[in-house]
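Down below is the structure, laid out as structure tokens.
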Amino acid sequence: MSNVLTDHTVKTLLVAVGADPAIEPTDFDASFEDLDLDSLARAEFAARVREATGVDVEDRLDPTVTPSAVRRMVLDQLSTVDG
């Protein structure tokens, strides 16, 4: 499960909710606010993350959270469930 949210997957999810298609993994440390993704985009991103991984992160997504932090949340949750 450690490869559930690959760089490619995170990019695909971000672009699907309105991020610039030129986004790169180095941008994953920018906040959702800095990526110009509003609350609706964050909610949609959370729904897509839940669909892809089974992990619900929506209540933890605020404008200051980064995609990298979301990936860590998911991996932490999955390792807790698996371990």
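Read-outs throughout are calculated quantities, based only on the coordinates presented, and are distinct from any laboratory measurement. Bear in mind the structure is a predicted one, so any value in this text is a computation, not a measurement. Glycine also receives a Cβ, built like all others from the backbone with ideal geometry; neighbour counts cover every protein chain displayed.
Dipole orientation for the chain: of the candidates 46, 57, 79, 79 has the Cα lying most toward the positive pole (charges on Cβ; Lys, Arg +1; Asp, Glu -1). Calculate the tail of P(r) for the chain: the fraction of all Cα-Cα distances greater than 15 Å, expressed in %. The share of Cα pairs beyond 15 Å in the chain comes to 50 percent. The C-alpha atoms of the chain define a longest principal axis, and helix 67-82 lies at about 10 degrees to it. Loop-located GluC sites (Glu not before Pro) in the range 19-55 (DSSP state other than H, G, I, E, B) with a sparse environment of at most 16 neighbouring Cβ atoms within 10 Å: 33.
Positive end of the dipole of the chain (Cβ unit charges, origin at the Cα centre): among 6, 67, 18, the Cα lying farthest that way belongs to 6.
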